[in-house]
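Chemist: Okay, handing you the structure first.
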Amino acid sequence: MSEELKWISDGIDGIYEDMRSFREELHRHPELSSEEVWTSSQIIKKLEEFGIPYERAGKTSVLATIKGDKPGKTVALRGDMDGLPIEEASDVKFKSEEKGKMHACGHDSHSTTLLAAGKILNEHKNEINGTVKLFFQEAEETFEGAKRIIEDGKLDAVDAIFGLHNNTSFPLGKAFISRGSVCAGCDTIYVTFTGVSGHGSTPYLAKDSLLPACTFLLDINGIITKNTDAQKSIVVSVGKMVGGTKANIVAKETKLDISLRYFDEETHEIVLKAMERHAKAIGSMYELDVDFEVVPSTPSLTSDANMADIARNAAVKVMGADALMEHEALMGSEDFAYYLQKTKGAYLWFGSGNDTDCTYFMHNEKFKLEEEYMRNAAKVLIQTAVDFLNE
């Protein structure tokens, strides 16, 4: 295995303070999914400064292209841009200035890392055999951004793609790069029980929807334990339940919003069918109408073993032999999975946590990450791209 390329390390170390400043400015101005207008404009300014050509895709995504001096394959590197609808409560000096919006998942650092990698790659085009694409992607949090880029045909000529994400549950200096399952697939399920409204004093003249909906909610755990193999992880969470309008009015309609996370497709189908069967059976018991709608969010994410090995070897070169950590796949979901349905690639997790203040997990109002992780992440992305193109 070849050694780490010195120009990669020197290049990123030389611009690291600029990386931090740029990331902190992005953090002050988070934008929600599909609204990343200001964020993409700041990225474009930097690409123009670096002399890297770019194009637009989707609604707000920015795709940059770095052509090496020699022809060859094409590799894409992806970093997402969107924030979350959360009021920040962290203690960082560069807290969000946008009310009710926060970079609580670290996408600001992902965009920054990708931009830094692009700058150094562009300065060393003579070291590259082929082409590197940079995908500054919109709307990961709503699972729409990757699909839009694919629909625009921007993945068609890509031979492999690599994505990155920070993780505060992993310590700084560690990387998790799985040779298989990485993240769970996700569906959102909307179940509506509809009966007949009436006066609270005479419920027998109405058809209450609340009690059957509550019965179904409690029944869900039994669906999992009695219908699926316990060794095949699946998680069902009812995140929202709304029914009724007033204490003395029998609730005509009750709605449940449900999140389903899975790895195994057969288990996934078993649970969906069982949930619909149980919901409609309970509805029938109480003479209600039941609407059961499944909205797929993203499939499960599985890295290509050979591509993962390229990234793992790159991480060892850059971060040392003890940098790689083993971990079970995460139950969270990622729309990067859509790219891997079209081409081969791998997903890279980098530790951004510590034992003191960077301890809150993603999507928490006190989320804070160790910015230093960006240094290694940028180096590993570059090394991975070069190694893939030069193999």
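Chemist: Roughly speaking, what is the stretch gain from ASN227 to GLU49, that is 0.36 nm per residue apart minus the C-alpha to C-alpha distance, in nm to one decimal? It would help to have the intermediate numbers written out before the result.
Modeler: Details: separation 178, 0.36 × 178 = 64.08 nm, distance 5.72 nm.
Result: 58.4 nm gained on full extension.
Chemist: Within the range 125-160, name every residue whose backbone N is under 16 Å away from a label modeled 7 Å from Cα of LYS67 along the Cβ vector.
Modeler: Under 16 Å, as judged by backbone N against the label point of LYS67, lie 125-134, 157-158 of the range 125-160.
Chemist: Determine, for each peptide in 302-308, 161-167, 335-341, the mean count of other beta carbons within 10 angstrom over its residues, then list the peptides with the highest first.
Modeler: Values: 302-308: 19.3, 161-167: 26.3, 335-341: 23.4.
Sorting 302-308, 161-167, 335-341 by mean packing, highest first, produces 161-167, 335-341, 302-308.
Chemist: Run the dipole for the range 185-298 about the Cα centre, Lys and Arg Cβ at +1, Asp and Glu Cβ at -1, nothing else charged, and hand back the magnitude in debye, nearest 20.
Modeler: So the dipole magnitude of the range 185-298 works out to roughly 400 debye.
Chemist: With +1 assigned to the C-beta of every Lys and Arg and -1 to the C-beta of every Asp and Glu, and no other charges, what is the dipole magnitude of the chain about the Cα centre in debye, to the nearest 20?
Modeler: Values: 43 positive and 63 negative charges, 79 e Å.
Roughly 380 debye for the chain.
Chemist: Between helix 107-123 and the chain, what is the angle of the helix's C-alpha long axis to the longest principal axis, kept within 0 to 90° and rounded to the nearest 10?
Modeler: Relative to the chain, helix 107-123 is tipped by roughly 20 degrees.
Chemist: Relative to the longest principal axis of the C-alpha atoms of the chain, give the angle of the C-alpha long axis of helix 37-50, reported between 0 and 90° and rounded to the nearest 10°.
Modeler: Compared with the principal axis, the helix lies near 10 degrees.
Chemist: Order of CYS105, CYS358 from fewest to most other C-beta atoms within 10 Å?
Modeler: Numbers: CYS105 25, CYS358 21.
Sorted ascending by nearby Cβ count, the order is CYS358, CYS105.
Chemist: Among the listed pairs LYS246/LYS366; LYS133/LYS368; LYS232/LYS273; LYS207/LYS246; LYS73/LYS147, which have their C-alpha atoms separated by more than 25 angstrom in this model?
Modeler: On the way: LYS246/LYS366 36 Å; LYS133/LYS368 29 Å; LYS232/LYS273 17 Å; LYS207/LYS246 15 Å; LYS73/LYS147 23 Å.
Pairs exceeding 25 Å: LYS246/LYS366; LYS133/LYS368.
Chemist: I've got another one for you. Sort the following peptides by mean Cβ neighbour count (other Cβ atoms within 10 Å, averaged over residues), highest first: 110-122, 219-231. Don't skip to the answer; put the middle values down first.
Modeler: On the way: 110-122: 26.3, 219-231: 13.3.
Peptide ranking by packing, descending: 110-122, 219-231.
Chemist: Take the Cα gyration tensor of the range 1-151, multiply each eigenvalue by 5, square-root it, and list the three semi-axes largest first, rounded to whole angstrom. Show your work: numbers first, answer last.
Modeler: Working: eigenvalues 153, 69, 29 Å².
Taking √(5λ) for each Cα gyration eigenvalue gives 28, 19, 12 Å.
Chemist: Could I ask something else about it? What is the spin-label model distance, in nm, from GLU97 to GLN341 if the labels are put 7 Å beyond Cα along the C-beta direction?
Modeler: 4.0 nm
Chemist: Could I ask something else about it? Determine the gain in length on full extension of the stretch MET285-ALA305; use 0.36 nm per residue of separation and subtract their C-alpha separation, reporting nm with one decimal. It would help to have the intermediate numbers written out before the result.
Modeler: Working: separation 20, 0.36 × 20 = 7.20 nm, distance 4.93 nm.
Length difference between fully extended and current span is 2.3 nm.
Chemist: Quantify how much of the Cα-Cα distance distribution of the chain extends past 30 Å, in percent.
Modeler: Details: 34284 of 76245 pairs.
Cα-Cα pairs of the chain separated by over 30 Å account for 45 percent.
Chemist: Angle check, please: helix 210-227 long axis (alpha carbons) against the longest principal axis of the chain (alpha carbons), in degrees 0 to 90, nearest 10.
Modeler: 60 degrees
Chemist: Please compute the contact order of the chain in relative form: average sequence separation of alpha-carbon pairs under 8 Å and at least six residues apart, divided by the residue count, as a percent.
Modeler: Details: 916 pairs, mean separation 95.3, N = 391.
Here the relative contact order equals 24 percent.
Chemist: Still on this structure: Just name one of CYS183, LEU172, LEU155: the one whose Cα is farthest towards the positive end of the charge dipole of the range 145-195 (beta-carbon charges, Lys/Arg +1, Asp/Glu -1).
Modeler: Of CYS183, LEU172, LEU155, it is LEU172.
Chemist: How do 251-264, 282-295 rank on mean C-beta neighbours within 10 Å, highest first? Could the numbers behind the result be given before it?
Modeler: Values: 251-264: 20.1, 282-295: 15.4.
The densest-packed peptide leads the list: 251-264, 282-295.
Chemist: Right, here's the next one. Output needed: percent of Cα pairs per 5 Å distance bin for the range 185-298, bins running from 0 to the one holding the longest distance.
Modeler: In order of increasing distance, the bins hold 2, 12, 23, 21, 16, 11, 7, 4, 2, 0 percent.
Each reported figure results from applying straightforward, stated rules to the coordinates on display, with no laboratory input. As the structure is a computational prediction, the values presented were derived from the model and not from experiment. For neighbour counting, all protein chains shown are included, and Cβ atoms are generated from backbone atoms with ideal geometry for every residue, glycine included.
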